[in-house]
Amino acid sequence: MQGSNLIVASLMMLALSACSSPGPAGPPGATGNTGNTGNPGNPGNTGATGYTGAMGNTGNTGNTGNTGNTGNTGNTGNTGNTGNTGNTGATGDTGAMGNTGNTGATGDTGATGNTGATGNTGNTGNTGNTGNTGNTGNTGAAGPAN
């Protein structure tokens, strides 16, 4: 590869010198003998480190993302504290006198009283008169003789 670089360099020099000479070119000469291949050249020096390029322009801002999904409904809150007792209201006006009430219903009949105690036994009556004596009966017949 280094040999080809040398040949290319030689041809470039030849072309440059031909452009700078005055006058028209002469007739072509006879083809010369092929020359010997030259020795390979020494390796070239490493080139200097190139400059750091300028900072690039800031890129365009990206598109706005899609709106996120709606979140889940939150838990129901705790029951609030009981409110304070309200103020006592003003005393109301005295009401109008009411109508006289209806006569009450007749009461139930009272219970029957207890039976009185049994009275004392009456006095024994007088003894009755003695009855008449009855008639004397007939004498019976005589019995048999002994």
Original post:
Quick one: if you stick a label point 7 Å off each Cα along the C-beta vector at ASN72 and THR136, how many nm between them?
Top reply: 14.6 nm
**OP:** Could you pull the Cα extents of the range 67-146 along its three principal axes, largest to smallest, in whole Å?
**Re:** 171, 53, 22
**OP:** Specify the inter-centroid distance of the range 112-129 and the range 32-108, based on alpha-carbon positions, in whole Å.
**Re:** 115 Å
**OP:** List the pair-distance distribution P(r) of the range 101-146, using every Cα-Cα distance, as the percent of pairs falling in each 5 Å bin from 0 up to the bin containing the longest distance, rounded to whole percents.
**Re:** 4, 8, 5, 7, 7, 6, 6, 5, 7, 5, 5, 6, 5, 4, 4, 4, 3, 3, 2, 2, 1, 1, 1, 0
Subject >> Residue-averaged 222 nm ellipticity for the chain, from DSSP H runs of 4+ at -39500 (n - 2.57), nearest 500 >> reply: -4500 deg cm²/dmol
Original post:
Any idea of the accessible area per residue across the chain, 1.4 Å probe, to the nearest Å²?
Top reply: 108 Å²
Subject >> Whole-angstrom Cα spans of the chain along principal axes, big to small >> reply: 244, 91, 31
Original post:
Can you pull the percent of the range 57-113's accessible area that's carbon plus sulfur, 1.4 Å probe, other chains left in place?
Top reply: 40 percent
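The values are calculated or read from the model by the stated rules, or taken from the named source; none is laboratory data. This structure is a prediction, so every number in the text was calculated from the model and none was measured. Ideal geometry is used to build each Cβ from the backbone, glycine not excepted, and the neighbour counts take in all protein chains shown. Calculation scope for accessible area: heavy atoms of the full protein, side chains included, ligands and nucleic acids excluded. Shrake-Rupley method; radii C 1.70, N 1.55, O 1.52, S 1.80 Å.
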